[in-house]
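Reading through the structure tokens given below for one structure.
Here, each number is a calculation from the coordinates, and none is a lab measurement. For clarity, every value in this text was computed on a predicted model and none was experimentally measured. We place every Cβ from the backbone using ideal geometry, glycine too, and count neighbours over all the protein chains shown.
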Amino acid sequence: MEATPITTPRSSTQSIQNPPESVIEIWGGTPLSGHIPVSGAKNSALVVLGGALLCSQTCRIRNIPDLMDIGRMTSVLEALGLSVDRNGDTLDIDGSHVSHSKAPYDIVSKLRASFFVIGPLLARLGVARVPLPGGCAIGARPVELHIRGLQALGAHVHMDHGVVHAYVPGARGKLKGAKIYLDYPSVGATETLMMAATLAEGETVIENAAKEPEVVDLANFCRAMGAKIRGAGTSAITITGVPSLYATDYSIIPDRIEAGTYLVAGALTRSEITVGPVDPDHLAPLLSKLRETGSTVELEDGNNIRISPGERVVATDIQTLPYPGFPTDMQAQFMALLTLAEGNSMVTETVFENRLQHVAEFNRMGADIKVKGDSAIVRGVAQLSGAPVTGSDLRASAALAIAGLAATGKTTLYGLHHLDRGYEKFEEKLRNVGARLQRVPLSEADSAAQPTPSTVTDSQAVSAAN
Ligand code: EPZ
């Protein structure tokens, strides 16, 4: 299919529109109390929206968080010809008409996850053209595992002027099932290949597949549309291709990283709060580490977690790993907690090669952290002090904000475009449990306190990091 030039239609959500530049001012030292509600999982929602491309009918998807990234993903779908209607946290996606096979660069460059439409596009149309997403602040983030897997399924793939062109040769344009071994259990590659294989001819086995809950959520969504998928959540996923998928009504799982961020906020501020709904199994590595630091963590009513502070925060080591290891997306927030622990902790980042940039910003707040290779040695201090800080990526921004809740005085958080990509109603949810924080236009922020980021370059500050 030859695609015509694309003009990006207006998004069906308001989230994509850039708000005026602002900062969040946080006054620390107030304990939190009450319940923090958890939204649908951003990373599930993003890939499930991509998965809706596989279906030529209308899918209803519920529990979608209202986030900048979701707005961008819906814009990609609309640019490909789908129609998307948002009603509260529910999206109706009509996939009867896919008019373009090329995803627009201006959005893919801002939202890495939109590269993942390559699998469903190829499965559905036999052709896909998606700009290479490029690296971001946390690492180079190549996509060769996605591409090699698509080639194993019979696609021809080449790069031309920064765009990945993929097509399935032959009149039928159908991918063919294959055995694919991933060199690394990449979440995105597992998702791309699982989606592509749902409409392929024959059986596909993905070995060394990612086991993240978001992969399982995508598999459940595809199964709800009639796909035949076994083994999601284990390291071998088997997909038996079917000719077509049908409409479904599906609800996204709760966001384990959002929940984890607020649980750590409770531990940091020495507060007793509940957070939910969650699937406690999804949070197992974090809950275990929170207990090691002295917090009491209990399951309540089946899907809420209550966290209560211990006498002190005990130092511990963490190492990020693919699921069910400790999540890289919780590393920065947990490091915030360890800055106030009694004793020394070691934080080792093994998933991304450049995800310790928040260290310099924590040190600006009085933390004592040294980076050596892919590890950070955190010497606990008695107190953090509020400071102007800038997050280098989404999770670093959230980590600095919750550190500010525990610090003395005022913290001013800059670079909110990261935070807004991944946390729905961040200030509102925290304010409702007693936190003191507010968003103010940059022009009204104390200009004398404006940081000169030591680690965040201009190009990193605008890059997409999900
Ligand atoms: C997903 O990214 C998440 N994003 C990330 O969430 C999360 O940090 C990450 O998984 C790990 O859990 C979405 O789901 C949208 P990967 P993804 O492919 O799929 C290397 C957040 O804060 N790799 O599992 O891109 C890669 O460079 C974010 O919400 C290759 O080498 O992660 C990285 O080092 C950020 N070649 C490692 O694997 C490839 O072809 C893990 O990446 C693909 C990946």
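Descriptive notes on the structure:
- When you filter the trypsin sites (Lys or Arg not before Pro) in the range 285-345 for DSSP loop state and at most 16 other Cβ atoms inside 10 Å of their Cβ, you are left with 312.
- Computed lengthening from residue 368 to residue 381, 0.36 nm per intervening residue step minus Cα-Cα distance: 4.0 nm
- Between the C-alpha center of the range 310-326 and that of the range 28-92 there is a gap of 29 Å.
- Spread of Cα-to-Cα distances over 5 Å intervals beginning at zero, given as percent, for the range 41-251: 1, 8, 17, 22, 23, 17, 9, 2, 0
- Positive-pole candidate from 103, 194, 175, dipole of the range 41-251, charges at beta carbon: 175
- DSSP-defined antiparallel bridges as percent of all bridges, the range 41-251, nearest 5: 75
- Calculated over the range 147-221: convex hull of Cα atoms, volume per residue (Å³): 97
- Average Cα contact separation per residue, the chain, under 8 Å, 6 or more apart, as relative contact order %: 19
- Whole-number percent relative contact order across the range 213-270, with pairs defined as alpha carbons under 8 Å at least 6 apart: 28
- Positive-end ranking of 365, 413, 333 along the dipole of the range 256-465, with charges on Cβ about the Cα centre, is headed by 365.
- Cα Rg, Dmax, the chain, angstrom units: 21.9, 69
- Counting charges near residue 112 (Lys, Arg +1; Asp, Glu -1) among other residues having Cβ under 13 Å from its Cβ returns a value of +2.
- Applying a threshold of 21 Å to the alpha-carbon distances of 110/370; 176/228; 211/370; 42/429 flags 110/370; 211/370 as lying beyond it.
- The range 74-172: trypsin sites (Lys or Arg not before Pro) in DSSP coil with no more than 12 other Cβ atoms inside 10 Å: 172
- Calculated SAXS-style log₁₀ I(q)/I(0) at q = 0.11, 0.13, 0.16 Å⁻¹ - the range 256-465, Debye, Cα scatterers: -0.47, -0.67, -1.05
- In sequence order, the range 204-214 has phi-based couplings of 10, 10, 9, 9, 6, 6, 5, 10, 4, x, 6 Hz under the Karplus curve 6.51 cos²θ - 1.76 cosθ + 1.60, θ = phi - 60°, and Gly or Pro positions carry x.
- For a label point 7 Å along the Cα-to-beta-carbon line of residue 236, residues of the range 179-199 with backbone N under 14 Å: 179-182
- Helical mean residue ellipticity (222 nm; -39500 (n - 2.57) per DSSP H run of 4+; nearest 500) of the chain: -8000 deg cm²/dmol
- Qualifying aspartates and glutamates (Cα of each under 20 Å from Cα of residue 425; at least 8 residues distant if same chain): 21, 25, 66, 69, 89, 255, 258, 329, 393
- Rel. contact order, % - alpha carbon contacts under 8 angstrom, at least six apart, the range 41-251: 20
- Principal-axis analysis of the Cα atoms of the chain puts helix 42-51 at an angle of about 10° to the longest axis.
- Straightening the chain between residue 308 and residue 151 buys 51.5 nm, computed as 0.36 nm per residue apart minus the Cα-Cα spacing.
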